[in-house]
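A.B. asks: Quick one: the structure is below, and I'll ask about it shortly.
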Amino acid sequence: MTSPAMDISLEIKDLSVTYASRGGEEARAVKNCSFTVSRGDVVGLVGESGSGKSSILMAIPKLLPHGTTVTGQIFCDSFEISALGEREMNTWRWRRIALVPQGAMNSFTPHLTIERHITEVLEYHLKMTKNEGVSKAAELIKSVGLDDDVSRRYPHELSGGQKQRAALAVALACEPDFLLADEPTTALDVITQKEVLEKITSVVRERGMGLLLVTHDLPLAAGVCDSLMVMKDGEITDRGSSRELTENPKTPYTKLLIDAIRNMEVRP
Ligand SMILES: Nc1ncnc2c1ncn2[C@@H]1O[C@H](COP(=O)(O)OP(=O)(O)OP(=O)(O)O)[C@@H](O)[C@H]1O
Ligand SMILES: [Mg+2]
């Protein structure tokens, strides 16, 4: 196993993802992407629909469908997790690297309370007792800005914004070092989007975690991320600090993404 550098980061090197297709022609969704997310970093990954954002996020904890070809290397704290088998990888998921998948707010189990969603993770991954789990769940629910009574509610009894915060609480349960969040605010109104994103970024900053945040909304990401990467057709076409990228976009595509959202915002 190779160890390129002894820093505390999630390092993606030359990652490519190719889906097996039914028709015979393979679909290369991610093409030779390399980047690093250090602990304490809030990094945004932006790009239009189909550009490969979720494919990158799902490739990191090895959650892509069977039959998908993934090449390149992924290091977590200089340890090559891309070389791990499924069983070993399972010990890294949730505990070291947690994922809030796209559409997480709609994938809660309807007959389980929010508290139970969290305690299940704690009991399974950290072998906590029921009582320990309940008290940790209460702490997590509070930390994401939800009222205590949310713990005993069922998913359908929460608003979209509350569900997103609850999904965040579940992802934070095992105190991971890195959080991967895929479009965590897309289905929400503009004000709630901002509130939820600010909550996510403030929690990860307080805990000194690294965050890779996927969104198609470049200006929104720029408001909360330290740096941004722009994806198009499976490649990272632009990257830089949020300020640099929005004030001085290097490619016409980055400019188009900024203008597209701004134009939508000024419409009556
Ligand atoms: N399971 C799959 N099988 C085959 N092709 C897939 C699969 N999942 C994604 N793709 C293809 O890979 C490409 C990248 O998809 P991906 O979901 O990573 O995009 P995205 O940037 O997350 O898009 P969105 O913003 O709509 O969520 C697309 O062309 C998509 O059709
Ligand atoms: Mg996606």
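A.B. asks: With the condition kept exactly as written, say whether any residue in segment 65-81 is surrounded by fewer than 19 Cβ atoms within 10 Å (Cβ to Cβ), within 14 Å of the chain's Cα centre (by Cα) and within 16 Å of ligand 2 (Cβ to nearest atom).
C.D. replies: No, that holds for no residue.
A.B. asks: Within segment 147-172, which residues are charged (D, E, K, R), in contact (Cβ under 8 Å) with a residue 12 or more places away in the chain and surrounded by fewer than 21 Cβ atoms within 10 Å (Cβ to Cβ)?
C.D. replies: Within segment 147-172, Arg152, Arg153 qualify.
A.B. asks: Okay, next question. Is it true that some residue in segment 199-209 is open to solvent by 10 Å² or more (accessible area, probe 1.4 Å) and in contact with a Ser or Thr (Cβ under 8 Å, 6 or more places away or on another chain)?
C.D. replies: The answer is no; no qualifying residue exists.
A.B. asks: If you don't mind, another one. What number of residues in segment 210-223 are more than 12 Å from ligand 1 (Cβ to nearest atom) and open to solvent by 20 Å² or more (accessible area, probe 1.4 Å)?
C.D. replies: 4
A.B. asks: Return the residues of segment 228-248 that are touching a helix residue (DSSP H, G or I) at 6+ places or on another chain (Cβ under 6 Å) and small (Gly, Ala, Ser); say none if nothing qualifies.
C.D. replies: The one that is touching a helix residue (DSSP H, G or I) at 6+ places or on another chain (Cβ under 6 Å) and small (Gly, Ala, Ser): Ser242.
A.B. asks: Okay, moving on. What residue, among those in segment 83-122 that are open to solvent by 50 Å² or more (accessible area, probe 1.4 Å) and acidic (Asp, Glu), is nearest to ligand 2 (Cβ to nearest atom)?
C.D. replies: The residue in question is Glu86.
A.B. asks: Answer with yes or no whether Lys127 is on the phi > 0 side of the Ramachandran plot and either aliphatic (A, V, I, L, M) or free of Cβ contacts under 8 Å to residues at least 60 places away in the same chain (or both).
C.D. replies: It is true that Lys127 is on the phi > 0 side of the Ramachandran plot and either aliphatic (A, V, I, L, M) or free of Cβ contacts under 8 Å to residues at least 60 places away in the same chain (or both).
The values are calculated or read from the model by the stated rules, or taken from the named source; none is laboratory data. Everything numeric in this text was worked out from a predicted model, so none of it was measured. We place every Cβ from the backbone using ideal geometry, glycine too, and count neighbours over all the protein chains shown. The protein model used for the area step is the full one, side chains on, heavy atoms only, and it has no ligands, DNA or RNA in it. Shrake-Rupley method; radii C 1.70, N 1.55, O 1.52, S 1.80 Å.
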